[in-house]
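Taking it in order: structure first as structure tokens, then the write-up.
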Amino acid sequence: MASCLGSSRVAHWVNPDPAPRPEFNPHQFARRGGTLYSLSREGAGDAGPLVTALTAAVVRAAEDYATTCPGGRAPRTYLAGLD
């Protein structure tokens, strides 16, 4: 996982930046819904492990949200199409 952070192209997205930019919050995303496409190219220095961690965080947040809903079910269906 950590080896992909050695790439300046990947580190740019996860390290603090002097210019403010929106921060993705998987728990907020799970509550409001929407579409998230998690893509990564294969090859040296790819962000695959980081994309996997992001996807897992979103799925976990959706599960956590569902447990707080009546009957333990979220009000909308979540679909995670993984390849």
Scan the stretch 70-83 and report the pairs whose first residue is loosely packed, with under 10 Cβ neighbours inside 10 Å and whose second residue is part of a loop (DSSP other than H, G, I, E, B) and of a type in the set (Val, Ile, Thr), with Cβ atoms within less than 8 Å and a gap of 6+ or a chain change. none
Residue in the stretch 59-71 that is touching a Pro at 6+ places or on another chain (Cβ under 6 Å) and at pLDDT 90 or above present: yes
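Let's see how each residue does on (1) part of a helix (DSSP H, G or I); (2) of a type in the set (A, V, I, L, M, F, W, C); (3) surrounded by 12 or more Cβ atoms within 10 Å (Cβ to Cβ); (4) touching a residue at least 24 places away in the same chain (Cβ under 8 Å):
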site	(1), (2), (3), (4)
ASP17	no, no, no, no
ARG31	yes, no, yes, yes
LEU50	yes, yes, yes, yes
LEU54	yes, yes, yes, yes
ARG60	yes, no, yes, yes
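The values are calculated or read from the model by the stated rules, or taken from the named source; none is laboratory data. For clarity, every value in this text was computed on a predicted model and none was experimentally measured. For neighbour counting, all protein chains shown are included, and Cβ atoms are generated from backbone atoms with ideal geometry for every residue, glycine included.
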